[in-house]
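Student: There's a structure below that I have some questions on.
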Amino acid sequence: MSRIQTTFQHLQAEGRKALIPFITAGDPDAELTLSLMHSLIKGGADIIELGVPFSDPMADGPVIQRSSERALAKGMSLARVLDIVRAFRAENATTPVVLMGYANPIEAMGFAVFADLARQAGVDGVLVVDYPPEECEEFTACLRAVGLDQIFLLAPTSSEQRFRDVAQAGSGYLYYVSLKGVTGAARLDFDEIASRIPRIRAVAGMPVGVGFGISDAEIAKKIGAVADAVVIGSRIVQEIEASLRERVCANVETFVRGVRVALDELAGAYS
């Protein structure tokens with residue numbers, strides 16, 4: 001059983017929801033990324049999504065786009081992202097780490113090489129935004145061969161057949177994009193989310209996390225009432241962007257702790 005599956009099992013047994021914060025590796029630099037990962041854990045994160053910066057992040061809004069630009073300007077690469085995970089694993093052997101990014105850097109490295117290096121570094125799962133299940137069979141096979149979970153996205157427009165497709169190809173959890181737009185956008189339709197998550201979970205048979213547009217503890221709590229996990233990215237990256245370097249870790253930890261407290265008020269409400 002993977003670290004991701006174990007984490008969700010423990011949370012379900014405790015009646016708690018998973019908090020999955022996202023940061024971009026290398027923003028503002030590699031050293032601070034490692035410190036930020038530990039701050040996320042101190043704040044109450046259950047799983048970390050670590051973004052692999054890319055020059056054309058099509059699904060990301062302006063906040064995360066800027067973080068990728070800052071990281072790439074500092075020389076961040078997929079190989080260096082794996083170095084950060086390796087350094088994190090030297091101090092934390094239990095918290096799952098999911099790499100989130102795009103296909104190009106992985107294809108440049110090679111599927112099998114990437115999968116093997118990711119496993120060695122201590123990565124637990126991979127979410128490639130521009131890989132639908134029908135277009136990445138070889139990549140999926142490489143991940144499965146080394147025991148890594150592959151997380152897929154579902155959209156508000158996804159059909160029940162798509163639920164089944166991603167459930168068959170994926171593992172760990174599914175990521176439901178809560179709105180028709182890029183990361184950091186607003187206009188969440190809570191009624192629609194509440195109606196679709198149980199249907200996805202029933203078909204997929206695995207936990208469902210919700211992300212995009214979750215900007216504060218109140219919204220996170222509303223989402224957590226129906227989902228198994230809450231994913232927050234742009235709001236945290238915004239905090240990093242706005243903070244003085246000497247305050248950034250403390251500020252991020254404080255924000256994450258506020259979300260954790262709100263989610264823990266749902267204890268016993270696990271769907």
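Student: Using a cut-off of 15 Å between beta-carbons, work out the net charge of the residues near VAL97 (Lys and Arg +1, Asp and Glu -1, VAL97 not included).
Tutor: That works out to -1.
Student: If you roll a 1.4 angstrom probe over the protein chains with everything in place, what fraction of the accessible area of region 25-163 belongs to carbon and sulfur, to the nearest %?
Tutor: Carbon with sulfur: 52 percent of the solvent-accessible area.
Student: Within 10 Å, count the other beta carbons around each residue, average over each peptide in 110-120, 228-238, 46-56, and list them highest first.
Tutor: Ranked from most to least packed, the peptides come out as 228-238, 46-56, 110-120.
Student: Give, as a single signed number, the net charge of other residues whose beta carbon lies under 11 Å from the beta carbon of ARG260, with Lys and Arg counted +1 and Asp and Glu -1.
Tutor: Local net charge: +1.
Student: Place the peptides 27-40, 137-150 in order of packing, highest mean first, counting for every residue the other Cβ atoms within 10 Å and averaging per peptide.
Tutor: The densest-packed peptide leads the list: 27-40, 137-150.
Student: Taking a 28 Å limit on the Cα-Cα distance, which of the listed pairs LYS74/LYS221; LYS42/LYS74; LYS74/LYS222 fall beyond it?
Tutor: Over 28 Å apart, Cα to Cα: LYS74/LYS221; LYS74/LYS222.
Student: If you don't mind, another one. Would you tally the net charge around GLY233, using a Cβ to Cβ cut-off of less than 10 Å, leaving GLY233 out, and scoring K and R as +1, D and E as -1?
Tutor: That works out to -1.
Student: Right, another one. Hey, if you put +1 on the Cβ of every Lys and Arg and -1 on every Asp and Glu Cβ in region 52-164, which of PHE163, ALA115, ILE64 ends up farthest toward the positive end of that dipole?
Tutor: Value computed over the given set: ILE64.
Student: In nm, what is the difference between 0.36 nm times the number of residues separating LYS74 and SER195 and their Cα-Cα distance?
Tutor: The LYS74-SER195 span can extend by a further 39.3 nm.
Student: Under the 0.36 nm per residue contour assumption, what length would be gained going from the current alpha-carbon distance of ASP264 and ASP83 to full extension?
Tutor: Result: 61.9 nm gained on full extension.
Student: Full extension from ALA242 to ALA90: what is 0.36 nm times the residue separation minus their Cα-Cα distance, to one decimal in nm?
Tutor: 51.8 nm
Student: Please compute the per residue accessible area over the chain with all protein chains in place, 1.4 Å probe, rounded to a whole number of Å².
Tutor: 40
Student: Please check which bits of region 185-215 a label hung off SER2 would reach, taking the label as a point 7 Å along Cα-to-C-beta and the cut-off as backbone N under 14 Å.
Tutor: From region 185-215, the list is 206-209.
The values are calculated or read from the model by the stated rules, or taken from the named source; none is laboratory data. Remember, predicted model here, so these are calculated numbers, not experimental data. Because the Cβ atoms are built from the backbone with ideal geometry, glycine has one as well, and the counts that use them run over all protein chains shown. In case anyone asks, the SASA skips ligands and DNA or RNA and just uses the protein heavy atoms, side chains included. Shrake-Rupley method; radii C 1.70, N 1.55, O 1.52, S 1.80 Å.
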